Ligand code: DX5
Ligand code: ZN
């Protein structure tokens, strides 16, 4: 079983509150929020104020995925949004350990993100301080791309590297029902879904719910 995290970037921007409320009612408790700076990735999306405002309007927890160059210059503002989980790309900064320490000092969950072309070896010095590893299954920057099949082997490699540590594996990009299942079989426990989940198709949502951990709904209060 795994957690499915809807990706805000693929939601209907005109009806964000309605989208978030209905996802929460469906049992999805963590929203994946993409932050793009137009430098690390070509697009610009979701600034600090927007994230904080959206967060204030929903009961969902926020998993902020910083697709931002030199996140050390922005991390304080991201922390101020109240996001419970924050991840930074290892490719984006020579000061990644420092940023992770800041996230942890504020009592949030800290994640590191690997682009498809980045080897998991770079994670080794961080394994004792991080809470989750986000394996990108597309080149980051925009929703609606195809899942990169090699990701499955990479998830297994990451799992082996983690060993007994309590580090979660998250996957993001091009996920549909079948690819979600493959990722879960390879030991991913958080699956980000954008276009597939927000497609005007309740059937997709219901299929994904069968993968989602049912205890999440019972535990809420
Ligand atoms: C893309 C983002 C993803 C994206 C996922 O760079 O990180 O979170 O919204 O959307 P899909 O599932 O459509 O690839
Ligand atoms: Zn993302």
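Laid out as a table, the results:
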read-out: Candidates 90, 113, 64 - the one that is within 23 Å of residue 38 (Cβ to Cβ), within 15 Å of the chain's Cα centre (by Cα) and away from ligand 2 (no atom under 13 Å from the Cβ); value: 90
read-out: Enumerated strands (runs of 3 or more DSSP E) restricted to region 1-85, each holding at least 1 residues that are more than 15 Å from ligand 1 (Cβ to nearest atom); value: 61-67
read-out: Verdict on residue 104 being within 22 Å of residue 73 (Cβ to Cβ) and surrounded by fewer than 19 Cβ atoms within 10 Å (Cβ to Cβ); value: yes
read-out: Helices (runs of 4 or more DSSP H) contained in region 113-219 and holding at least 2 residues touching a residue at least 24 places away in the same chain (Cβ under 8 Å) and within 14 Å of ligand 1 (Cβ to nearest atom); value: 177-185, 195-198, 202-209
read-out: Residue identified as closer than 20 Å to residue 127 by Cα, crowded, with 18+ Cβ neighbours inside 10 Å and under 17 Å from the mean Cα position of the chain (by Cα) among 169, 184; value: 169
read-out: Filter result for residue 119 (within 17 Å of the chain's Cα centre (by Cα), surrounded by fewer than 18 Cβ atoms within 10 Å (Cβ to Cβ) and at pLDDT 95 or above); value: no
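For (1) at pLDDT 95 or above; (2) closer than 18 Å to residue 86 by Cβ; (3) within 16 Å of ligand 2 (Cβ to nearest atom), each residue gets a yes or a no:
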residue: 139; (1), (2), (3): yes, no, yes
residue: 143; (1), (2), (3): no, no, yes
residue: 149; (1), (2), (3): yes, no, no
residue: 171; (1), (2), (3): yes, yes, yes
residue: 195; (1), (2), (3): yes, no, yes
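The values are calculated or read from the model by the stated rules, or taken from the named source; none is laboratory data. Values in this document were obtained by computation on a predicted structure and should not be read as measured data. Every residue, glycine among them, receives a Cβ derived from its backbone with ideal geometry; neighbour counts consider all protein chains shown.
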